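The values are calculated or read from the model by the stated rules, or taken from the named source; none is laboratory data. What you see is a predicted model, and the numbers here were worked out from it, not measured in a lab. Here Cβ is always computed from backbone atoms with ideal geometry, including for glycine, and neighbour counts include all displayed protein chains. Please note that ligands, DNA and RNA were not included when accessible areas were found on the heavy atoms of the full protein model with its side chains. Shrake-Rupley method; radii C 1.70, N 1.55, O 1.52, S 1.80 Å.
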Amino acid sequence: MRGSLQSYRKVSLDSSIAVASPHKVIQMMFSGALERLAQGRYAIEQNNLEMKGVSLGKAVSIVAGLNSSLNMDAEGDVASNLSSLYDFMLQKISDANINNDVQAIDDATDILRVIKEAWDAIPADLHELSSES
């Protein structure tokens, strides 16, 4: 049953991404990273090393994907500042994984949440411009 549910979720996610605007895909990535960080934090609290590794590994992949999606030529200081924040978050997530440090996860989560809230606040008529990043 669990495998069927996971397959359904993957198909559902793949379908959502296929029809989503680039702006929406970035929103989904932010949400996914925040969810994985929460799962990693919970796993540390429960001393579940396997779940911690999987969850934080996925969070790293998503944050690295957000970082690599930046258009450094078009965005100037904004892209450079975001890249620095993403690098900081990646370091914090790695520290959390190595040291079972929930505070490091909280630090990364706080920054990611602020960036997500700013992204979510972009008016719909500017989504095409923000998606070109």
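Rounded to the nearest whole Hz, the Karplus-based 3J(HN,Hα) values (6.51 cos²θ - 1.76 cosθ + 1.60, θ = phi - 60°) of region 107-117 follow the sequence 4, 5, 4, 4, 5, 4, 4, 5, 5, 4, 4, with x at glycine and proline. The string of couplings for region 36-41 from the Karplus curve (6.51, -1.76, 1.60, θ = phi - 60°) is 5, 5, 5, 5, x, 5 Hz, one whole number per residue in order, with x for Gly and Pro. Here the dipole of region 23-133 is about 440 debye; that uses its Cα centre as origin and unit charges on the Cβ of Lys and Arg (positive) and Asp and Glu (negative). Computed across region 24-91, the Kirkwood hydrodynamic radius from all distinct Cα-Cα pairs reaches 12.6 Å.
Averaged per residue, region 46-111 has 54 square angstrom of accessible surface, using a 1.4 angstrom probe with ligands and nucleic acids left out.
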